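Chemist: The structure under discussion is supplied below as structure tokens; questions concerning it will follow.
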Amino acid sequence: MSVPARFQSNDRWQQIKSKMGGWSLTTYGILAFAFLYLPILILVIFSFNDARSVSKWAGFTFDWYGKMFKDGQILLSIWNSLFLAIVSTIISTVLGTLAALGLERYRFRGKTAVDSMFYLPVIIPDIAMAIMLLLFFNMSGIGFTPWKVNFFGARLAVPYSVIIGHVAFNTSFVAIVVRARLAQMDRTLEEAASDLYANAWQTFRRVTLPMLMPGIVGGALLAFTLSLDDFVITFFTSGAGFNTLPVRVFGMIKKGVTPKINAVSTLMLAVSLTLVVISILLSRRSGDGDSVQMGF
Amino acid sequence: MTETYAVELQDVVKQFGNVVAVNHVSLQIRDGEFFSLLGPSGCGKTTTLRMIAGFEMPTSGAIYIQGDRQGYRPANKRPVNTVFQNYALFPHMTVAENIAFGMEMRKTPKDEVKRRVAEVLDMVRLGQMANRKPKQLSGGQQQRIALARALVNRPEVLLLDEPLGALDLKLRKAMQIELKALQEDVGITFIYVTHDQEEALTMSDRIAVMNNGVVHQVGDPETIYEHPADRFVADFIGETNFIPVKVVSLAPEIVVELGSGEKVTAGWVEEGLSVGDRAVLSIRPEKMDLLELNEKPSNPSKDTALVNGKVTQLVYVGTDTRHTVALGDGTEVVVRLQNIYIGEEPWEIGEDAIVTWNAAHARILKE
């Protein structure tokens with residue numbers, strides 16, 4: 001049986017409409033990607049520019065990377081950034097995981113309040129948090145006392161205030177990521193463990209923790225990345241003379257932009273990207289890692 | 001000396017907030033018995049099982065396992081193991097690691113663990129799966145691993161929470177037989193939670209029928225089916241007819257009056273009913289027969305009920321045909337007649353008939 005003509009023409013019109021819809025969507029997609037990634041691409045390209053200019057191409061060179069690694073100030077700031085990220089990640093991963101377990105597994109008075117307080121550092125502006133922390137460090141007398149440490153041969157003086165500041169915001173992110181994983185976890189697995197004679201600690205060690213691992217690793221990588229990239233809170237809580245890489249870059253920009261800054265930024269970009277890829281790969285391997293990708 | 005039961009519940013109550021999940025339940029489960037807790041969802045059967053396992057603590061009452069009062073003893077210190085509805089296999093461990101878990105927690109020597117894992121895998125015929133992850137197994141295989149993981153610990157009592165619920169019908173039937181054979185083989189007491197009455201009837205030595213947190217009847221499958229203690233049990237287990245009646249006499253014989261005014265005798269009456277009370281006569285469709293009007297016996301025994309009716313519906317279901325018959329007061333009953341008659345004229349819709357049954361099969365229950 002043939003389809004009546006009016007339906008045929010209608011079909012054709014629908015076809016054209018959906019095709020046009022397809023094209024405009026593709027165009028829109030390309031533009032959106034260009035908007036997001038073109039600046040990054042330009043940044044990376046000009047880090048290889050054989051001139052002081054960051055807008056005129058004059059040939060390819062690795063010079064700026066060489067210069068970057070010879071600049072003592074930059075090197076020190078990289079060590080500072082790494083040390084700060086590692087220490088604050090370890091502390092906030094432990095605290096955040098414990099907080100997630102507590103919030104997900106126990107009922108107590110004021111739980112809702114504590115619960116929403118955990119989201120606060122995630123939603124309030126960095127600047128507000130930075131000022132709060134600064135006031136807190138001044139009033140509490142913690143000040144900017146540095147932790148003097150030899151880190152892979154680099155002599156660092158990292159103010160405790162910066163570490164506490166980073167832990168303060170990272171803990172929330174870790175707690176949120178780990179909680180998402182916990183919420184997905186089947187509670188009967190823990191019951192099964194205790195049914196098979198495991199005490200509370202053995203149940204946690206052998207069942208809960210391994211099941212949570214993708215969430216914990218994801219949270220830790222997120223914390224590491226956030227710590228590495230943070231500018232505002234570091235800037236406000238470090239006092240004079242302590243530079244992380246982002247703070248150092250900010251200082252350099254004030255003296256004029258050279259491709260060296262592009263090189264530094266490209267390096268930071270590469271590290272961040274690597275971390276994201278690692279976290280995605282880890283979550284893939286564990287089978288289901290929707291919770292891990294959260295936040296990136 | 002009183003008998004020691006595998007599991008004994010004494011007046012156990014479990015409340016969740018204002019909700020009473022289990023309401024004064026007392027049960028005695030014998031050693032080596034296949035005991036089922038049967039009831040619709042929300043009847044308290046799973047909560048009862050979880051209290052025996054130690055995942056929930058009773059609000060009041062006492063639970064004994066092998067004569068040993070459990071009190072607030074946590075699950076990991078109880079001599080029972082559970083097969084969970086969703087199997088709850090540890091996804092990050094291999095099949096062998098899953099099975100070895102319980103023995104490892106009890107510090108069983110390594111070579112013994114290895115031997116027993118191999119043994120139990122053999123028993124459930126999944127020896128070649130030892131190094132797989134649970135996710136790589138089919139539902140039926142996972143089910144058998146869950147069973148193996150529990151049985152390998154040689155528990156005093158095995159608790160099973162609807163273990164076949166997630167399997168398709170054919171596999172479920174096969175597993176029912178396998179489970180029952182296994183239970184007889186290992187001789188361990190099984191407490192089996194199910195909402196599937198056929199499953200319970202097929203597998204159990206005894207069944208406790210539960211509803212709304214209360215145990216309605218405990219008995220072997222035949223007793224539960226043939227002699228239901230009350231209306232809920234009669235209704236929940238198998239198919240049954242409820243005919244509204246009025247109690248006319250209780251002694252020397254039980255006589256009730258149907259809505260049509262016809263009087264019949266019955267074999268049993270539920271406690272608490274007295275003369276003049278409204279009640280229901282419960283009778284299974286396969287216990288009834290239909291007679292042509294001219295077939296009416298001239299001198300029937302007093303145990304034979306003969307009630308006038310009219311055929312209103314016929315449904316052919318293969319092994320038998322379901323005849324719906326309207327009695328004098330309009331009450332419809334279903335009569336199942338096996339399709340074994342050759343050359344006999346089938347019943348037709350609208351035809352007058354006499355419904356007959358033996359009084360011994362009729363039970364008078366509270367409304």
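The values are calculated or read from the model by the stated rules, or taken from the named source; none is laboratory data. Worth saying up front: this structure is predicted, and the values here are computed from it rather than measured. Here Cβ is always computed from backbone atoms with ideal geometry, including for glycine, and neighbour counts include all displayed protein chains.
Chemist: What number goes with the only condition from (1) farther than 19 Å from B:K170 by Cα; (2) buried (at least 19 other Cβ atoms within 10 Å of the Cβ); (3) under 26 Å from the mean Cα position of the chain (by Cα) that B:Q143 does not pass?
Modeler: With (1) farther than 19 Å from B:K170 by Cα; (2) buried (at least 19 other Cβ atoms within 10 Å of the Cβ); (3) under 26 Å from the mean Cα position of the chain (by Cα) applied to B:Q143, the lone miss is (1).
Chemist: I've got another one for you. Collect the residues in segment B:13-37 that are in a loop (DSSP other than H, G, I, E, B) and within 14 Å of another protein chain (Cβ to nearest Cβ), keeping them in residue-number order.
Modeler: B:G17
Chemist: Within segment A:170-186, work out how many residues are within 14 Å of chain B (Cβ to nearest Cβ), surrounded by fewer than 21 Cβ atoms within 10 Å (Cβ to Cβ) and assigned to a helix (DSSP H, G or I). Can you show your working first?
Modeler: Residues of segment A:170-186 within 14 Å of chain B (Cβ to nearest Cβ): A:181, A:184-186.
Remaining after also requiring surrounded by fewer than 21 Cβ atoms within 10 Å (Cβ to Cβ): A:184-186.
With the extra rule that they be assigned to a helix (DSSP H, G or I), the set shrinks to A:184.
Qualifying residue count for the region: 1.
Chemist: I'm checking my understanding of the structure. Among residues of segment B:41-73 that are exposed (fewer than 14 other Cβ atoms within 10 Å of the Cβ) and assigned to a loop (DSSP other than H, G, I, E, B), which one is nearest to the chain's Cα centre (by Cα)?
Modeler: B:S41
Chemist: Then there is this: Going through segment B:304-334 one residue at a time, which ones are outside any strand (DSSP E or B) and either within 30 Å of the chain's Cα centre (by Cα) or outside the structural domain of B:E257 (by TED's automatic domain parsing) (or both)?
Modeler: Listed by number, the residues that qualify are B:V317, B:G318, B:T319, B:T331.
Chemist: Just the residues that are surrounded by fewer than 19 Cβ atoms within 10 Å (Cβ to Cβ) and at the interface with another protein chain (Cβ under 7 Å from one of its Cβ atoms), please, taken from segment A:187-222.
Modeler: A:T188, A:N199, A:Q202, A:P210
Chemist: If you scan segment B:111-134, which residues turn out to be of a type in the set (K, R) and out of contact with any helix residue (DSSP H, G or I) (no Cβ under 9 Å at 6 or more places or on another chain)?
Modeler: B:R115
Chemist: In segment B:166-209, which residue that is outside any helix (DSSP H, G or I) and aliphatic (A, V, I, L, M) is surrounded by the fewest Cβ atoms within 10 Å (Cβ to Cβ)?
Modeler: This residue is B:A166.
Chemist: Hey, another quick one. Hey, among the residues in segment A:107-127 that are surrounded by 12 or more Cβ atoms within 10 Å (Cβ to Cβ) and free of Cβ contacts under 8 Å to residues at least 12 places away in the same chain, which one's nearest to A:G165 (Cα to Cα)?
Modeler: A:I124
Chemist: Taking segment B:88-111 as the search range and keeping residues that are facing chain A (nearest Cβ under 7 Å) and of a type in the set (A, V, I, L, M, F, W, C), which one is nearest to the chain's Cα centre (by Cα)? Lay out the reasoning, then the answer.
Modeler: Of all residues in segment B:88-111, those facing chain A (nearest Cβ under 7 Å) come to B:88, B:90, B:92, B:101-102, B:105-106.
Right, trim to of a type in the set (A, V, I, L, M, F, W, C) and you get B:88, B:90, B:101, B:105.
Values: B:A88: 24, B:F90: 30, B:F101: 32, B:M105: 35 Å.
Residue satisfying both the conditions and the ranking: B:A88.
Chemist: If we scan segment B:81-95, do we find a residue that is touching a residue at least 60 places away in the same chain (Cβ under 8 Å) and surrounded by fewer than 16 Cβ atoms within 10 Å (Cβ to Cβ)?
Modeler: no
Chemist: Same structure, new question: Take segment B:38-87 and flag every residue that is more than 9 Å from chain A (Cβ to nearest Cβ), over 15 Å from B:A208 (Cβ atoms) and of a type in the set (A, V, I, L, M).
Modeler: Just the residues of segment B:38-87 that are more than 9 Å from chain A (Cβ to nearest Cβ), to begin with: B:38-49, B:51-52, B:56-73, B:79, B:83.
Those left that are additionally over 15 Å from B:A208 (Cβ atoms): B:41-42, B:56-62, B:64-73, B:79, B:83.
Result: B:M57, B:A62, B:I65, B:V83.
For (1) in contact with a strand residue (DSSP E or B) (Cβ under 7 Å, 6 or more places away or on another chain); (2) assigned to a strand (DSSP E or B); (3) not assigned by TED's automatic domain parsing to the domain that holds A:F224, each residue gets a yes or a no:
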{"residue": "A:G102", "(1), (2), (3)": "no, no, no"}
{"residue": "A:A113", "(1), (2), (3)": "no, no, no"}
{"residue": "A:S116", "(1), (2), (3)": "no, no, no"}
{"residue": "A:V122", "(1), (2), (3)": "no, no, no"}
{"residue": "A:M129", "(1), (2), (3)": "no, no, no"}
{"residue": "A:F144", "(1), (2), (3)": "yes, no, no"}
{"residue": "A:A157", "(1), (2), (3)": "yes, yes, no"}
{"residue": "A:A168", "(1), (2), (3)": "no, no, no"}
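Chemist: When residues of segment B:247-265 are filtered for being exposed (fewer than 14 other Cβ atoms within 10 Å of the Cβ) and under 18 Å from B:I354 (Cα atoms), how many remain?
Modeler: Total meeting the criteria: 1.
Chemist: Looking at segment B:116-134, is at least one residue under 29 Å from A:L212 (Cα atoms), at the interface with chain A (Cβ under 9 Å from one of its Cβ atoms) and part of a loop (DSSP other than H, G, I, E, B)?
Modeler: no
Chemist: If we scan segment A:149-158, do we find a residue that is out of contact with any Phe, Trp or Tyr (no Cβ under 7 Å at 6 or more places or on another chain) and within 14 Å of another protein chain (Cβ to nearest Cβ)?
Modeler: Among the residues of segment A:149-158, not one is out of contact with any Phe, Trp or Tyr (no Cβ under 7 Å at 6 or more places or on another chain) and within 14 Å of another protein chain (Cβ to nearest Cβ), which makes the answer no.
Chemist: Assess whether A:M268 counts as being within 14 Å of another protein chain (Cβ to nearest Cβ) and of a type outside the set (V, I, T).
Modeler: no
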